[in-house]
Amino acid sequence: MERGDDMPSAVAAPGRPLDRRAELSEFLRSRRARLKPEDVGLPDFGRHRRVPGLRREELAQLAGVSVAYYTRLEQGNGRNVSAEVLDAIARALRLTDAEHAHLTHLAKPTSHKKKPPARRQQVRPSLCRLLDRLEGVPAYVVGRRSEILAWNRMAAAVFGDWAELPAEERNWARLVFLRPDYRELFVDWEQKAIDIVCALRMDAGCWPDDPRLSALVGELSVKSEEFRRLWATHDVKEKSHGVKRLHHPLVGELSLDFESFRLADDADQALLTYHAEPGSVSAESLRLLASWGADATRAATG
């Protein structure tokens, strides 16, 4: 097991906290803009709309609140808003569970810790031992800010030997947006990039005062146009399972099922595992990679 010791207005300067009020305002605007009157059972009389989506008064009507109250909330003033009102607005906006949770984090930050610990997250020894025992199964632990905290030999064989990187570079966001080799590794790179940005958005809702998160967002916003574009969508979601297609430099295409497990005693850490369908070409390729271990990527590039 290995372990690691036109820019949106809500993007903070590197090292400074994200603007929670701007985050709340832009999130609500973006969710309202994606709805049409017919989507929520309202008549559309064909009148010209200056901006896409529902008007504020239409959304307020659906949520059962005054236009003035909703306008204050959309301007970033979530002070004293009740859970019941947030629930009503979430229903009116057709929010997913992840989006509903994100809205609550942004509007009621006093119910959450303001700043995560400054030190790097630690993976408990028993979980590290579990990673070691998962022979033939690529697995790793990811924490806040998409940081890669621990991994096993098979994860190094599939995704690259992260032990060779400085601790601050063991980060999925930096790898995917700033490293050309990871752009080539993921067959559907765009979807992987979307997933990472969605996860960072959720982190930003939970930890708006985290200077390391705002520094990461600021750095990526400067260095990657694709990151700026995706960050501006304000999308949030969490994937607990699915299929990931990779193009490995040594064995070619891999189709792997993945499962993500949030730790019961630390929801800021998740264990991810990957496996192939028994008898498939991908399963045979994993067996080949197991024989190479962390040397797999070096062998391919060499």
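Each reported figure results from applying straightforward, stated rules to the coordinates on display, with no laboratory input. Fair warning: this is a prediction, and the values are worked out from it, not measured in the lab. Positions of Cβ are generated from backbone atoms using ideal geometry, with glycine treated the same way; all protein chains shown enter the neighbour counts.
Within the same chain, aspartates and glutamates fewer than 8 places from residue 223 are excluded, and of the rest, those with a Cα less than 15 Å from its Cα are 6, 169.
Once you've got the Cα coordinates, tell me which of 36/108; 108/237; 36/237 are over 25 Å apart. Distance filter (> 25 Å) returns 36/108. For segment 20-111, the relative contact order is 36 percent, taking Cα pairs closer than 8 Å that sit 6 or more residues apart in sequence and dividing their mean separation by the residue count.
For residue 248, the residues 5 or more places off, or on other chains, whose built amide H falls under 5 Å of its own are 253, 254. Could you pull out which residues in segment 201-244 have an amide N less than 14 Å from a spot 7 Å beyond the Cα of residue 189, following the Cα-Cβ vector? In segment 201-244, the label zone of residue 189 (backbone N under 14 Å from the point 7 Å along Cα→Cβ) covers 224-227.
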